[in-house]
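Worksheet: one structure, shown below.
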């Protein structure tokens, strides 16, 4: 079963969230969290930090990630691990895989015409909100 991760990154004030506009399928043209594949025999958290650095230049020194939840897609033979963190300082992010931007938090993340994941981004953000005190210390 192939593993993937998605990383919810808040800026240092936790009033904006890092998103990417996908350049390729699946979800080409839609906004999504940054993330990617978990390599064979790779720890999920290590994979999240690696993908985060590859896609945004954010390193382990810039953020502490917490494991929020997992999704298993049995019919697609894959699973998705969700991590959340807040930057510990103002930081320029950059990457060449997708177009990165800071999103306001008052968006309808359930809107499947704007956001990837068939409503999962909205679901994830509701859980982040429920556990914000523990996640964004």
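The values are calculated or read from the model by the stated rules, or taken from the named source; none is laboratory data. If you're wondering where the values come from, they're calculated on a predicted model, not measured in any experiment. So basically every Cβ, Gly included, is an ideal-geometry build from the backbone, and we count neighbours across all protein chains shown.
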* Hits in the range 1-14 - residues which are in a strand (DSSP E or B) and either over 14 Å from the mean Cα position of the chain (by Cα) or surrounded by fewer than 21 Cβ atoms within 10 Å (Cβ to Cβ) (or both) -> 2, 3, 4
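Restricting to the range 29-67, what's the tally of residues that are assigned to a strand (DSSP E or B), in contact (Cβ under 8 Å) with a residue 60 or more places away in the chain and surrounded by 20 or more Cβ atoms within 10 Å (Cβ to Cβ)?
So the answer is 2.
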* Would you say residue 98 is closer than 20 Å to residue 136 by Cα and within 16 Å of the chain's Cα centre (by Cα)? -> no
* Structure fact -> Sole miss for residue 71 among (1) in contact (Cβ under 8 Å) with a residue 24 or more places away in the chain; (2) part of a loop (DSSP other than H, G, I, E, B) is condition (2)
* Can you tell me which residues in the range 15-27 are surrounded by fewer than 15 Cβ atoms within 10 Å (Cβ to Cβ) and touching a strand residue (DSSP E or B) at 6+ places or on another chain (Cβ under 9 Å)? -> 15, 23
* State yes or no: is residue 84 outside any strand (DSSP E or B), in contact (Cβ under 8 Å) with a residue 60 or more places away in the chain, surrounded by 14 or more Cβ atoms within 10 Å (Cβ to Cβ) and at negative phi? => no
* Asked: Restricting attention to the range 97-118, does a residue exist that is assigned to a loop (DSSP other than H, G, I, E, B), buried (at least 17 other Cβ atoms within 10 Å of the Cβ) and on the phi > 0 side of the Ramachandran plot?
  -> yes
* Asked: Quick one: is residue 91 within 17 Å of residue 52 (Cβ to Cβ), under 15 Å from the mean Cα position of the chain (by Cα) and either in contact (Cβ under 8 Å) with a residue 12 or more places away in the chain or part of a loop (DSSP other than H, G, I, E, B) (or both)?
  -> no
* To do: Looking for whichever is touching a helix residue (DSSP H, G or I) at 6+ places or on another chain (Cβ under 9 Å) and modelled with pLDDT of 95 or more here; the options are 136, 100, 52, 75. Which one fits?
  => 100
